[in-house]
1. Taking Trp13, is it surrounded by 13 or more Cβ atoms within 10 Å (Cβ to Cβ), touching a residue at least 12 places away in the same chain (Cβ under 8 Å) and assigned to a loop (DSSP other than H, G, I, E, B)?
2. Taking Ala18 as the residue in question, decide whether it is closer than 17 Å to Gln161 by Cβ, at pLDDT 95 or above, out of contact with any Ser or Thr (no Cβ under 7 Å at 6 or more places or on another chain) and among the aliphatic types (A, V, I, L, M).
3. Please pick out the residue among Ala18, Ala63 that is farther than 22 Å from Val105 by Cβ, in a helix (DSSP H, G or I) and in contact (Cβ under 8 Å) with a residue 40 or more places away in the chain.
4. Return a yes/no flag: does the range 25-37 have any residue that is in contact (Cβ under 8 Å) with a residue 24 or more places away in the chain, in contact with a helix residue (DSSP H, G or I) (Cβ under 9 Å, 6 or more places away or on another chain) and hydroxyl-bearing (Ser, Thr, Tyr).
5. Mind telling me which of the residues Ala98, Ala69 ends up being farther than 21 Å from Phe159 by Cα and part of a helix (DSSP H, G or I)?
6. Can you tell me which residue within the range 121-150, out of those that are among the basic types (Lys, Arg) and modelled with pLDDT under 90, is farthest from the chain's Cα centre (by Cα)?
7. Determine which member of the set Arg83, Arg116 is part of a helix (DSSP H, G or I), in contact with a Leu (Cβ under 7 Å, 6 or more places away or on another chain), exposed (fewer than 12 other Cβ atoms within 10 Å of the Cβ) and of a type in the set (D, E, K, R).
Amino acid sequence: MAGRGRMMLAGAWLFVAALWCGMLAFFGAFGARTVLSTAPSRDAAGAVNRALLDGLDAVSLGAVSLLLAGAVVWNRVRPWSPRARGLGLRLLAVAAVAAIASRYVITPEMMALRDRMGPIDLVAKTDPLRQEWGRLHGLSALTLVVRLLAAIGSFAAAFSQLGPQTASRSHRGEAGPASARNGGNTVVFPPEPPSPLA
């Protein structure tokens, strides 16, 4: 792949990671609070937030899939360092687990509890069902934070691989002339001819 193609691939990967990270950060900082403050009731806010969470979970899984596929292609055309590759792939895997837990375990449990409680505004804070709902709400927020940190970490790992790639002749298995420094000047010695006795 040409240098321009590699840069386009890297740019697309980083764009997807940055967009995903921005969506998570925006929802965590403003989305849920805005819905809660503008909705006519907490029940209505909960319904809207459920739809937003489902959409965010689906986007997270889609982003992780794209980034994993892109990382495989990127590593084939220009290998990452082992540390960056291991860190990036592990963080994406953690984000995928968090999104799956939120979408298929935590959010459905929260909605089931809300249906059993009825209007949450009328339920006492000491009620066991509301306390359980609060615990699940905390877990939901935790999965969001985990995904955000994973997105930031994977972006940083990929961004660190944008520097120029250096390859020495010794890495390519090529023999070159030896050199030495003498008073700040580099003296190059030609390679020795093969011995006739070899």
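1. Working: surrounded by 13 or more Cβ atoms within 10 Å (Cβ to Cβ): yes; touching a residue at least 12 places away in the same chain (Cβ under 8 Å): yes; assigned to a loop (DSSP other than H, G, I, E, B): no.
So Trp13 fails the test.
2. Values: closer than 17 Å to Gln161 by Cβ: yes; at pLDDT 95 or above: yes; out of contact with any Ser or Thr (no Cβ under 7 Å at 6 or more places or on another chain): yes; among the aliphatic types (A, V, I, L, M): yes.
Yes; evaluated as a whole, the condition is true for this residue.
3. Working: Ala63 fails: farther than 22 Å from Val105 by Cβ.
Being farther than 22 Å from Val105 by Cβ, in a helix (DSSP H, G or I) and in contact (Cβ under 8 Å) with a residue 40 or more places away in the chain holds for just one of Ala18, Ala63, which is Ala18.
4. Let us first name the residues in the range 25-37 that are in contact (Cβ under 8 Å) with a residue 24 or more places away in the chain, namely 25, 27-28.
Checking which are in contact with a helix residue (DSSP H, G or I) (Cβ under 9 Å, 6 or more places away or on another chain) leaves us with 25, 27-28.
Checking the rest, the ones that are also hydroxyl-bearing (Ser, Thr, Tyr) come to none.
Taking every residue of the range 25-37 in turn, none turns out to be in contact (Cβ under 8 Å) with a residue 24 or more places away in the chain, in contact with a helix residue (DSSP H, G or I) (Cβ under 9 Å, 6 or more places away or on another chain) and hydroxyl-bearing (Ser, Thr, Tyr).
5. Working: Ala69 fails: farther than 21 Å from Phe159 by Cα.
It is Ala98.
6. Narrowing the range 121-150 to residues among the basic types (Lys, Arg): 125, 130, 135, 147.
Subset that is modelled with pLDDT under 90: 125, 130.
Working: Lys125: 36, Arg130: 33 Å.
Top of the filtered list is Lys125.
7. Numbers: Arg83 fails: in contact with a Leu (Cβ under 7 Å, 6 or more places away or on another chain).
Among Arg83, Arg116, only Arg116 is part of a helix (DSSP H, G or I), in contact with a Leu (Cβ under 7 Å, 6 or more places away or on another chain), exposed (fewer than 12 other Cβ atoms within 10 Å of the Cβ) and of a type in the set (D, E, K, R).
Per-residue answers, yes or no, for (1) more than 19 Å from the chain's Cα centre (by Cα); (2) among the small types (Gly, Ala, Ser); (3) modelled with pLDDT of 90 or more:
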residue	(1), (2), (3)
Ser102	no, yes, yes
Pro108	yes, no, yes
Met117	yes, no, no
Ile152	no, no, yes
Ala157	no, yes, yes
Ala175	yes, yes, no
Gly184	yes, yes, no
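The values are calculated or read from the model by the stated rules, or taken from the named source; none is laboratory data. None of the values given here were measured: they were computed from a predicted structure. Cβ coordinates were reconstructed from backbone atoms using ideal geometry, including for glycine residues, and neighbour counts include every protein chain displayed.
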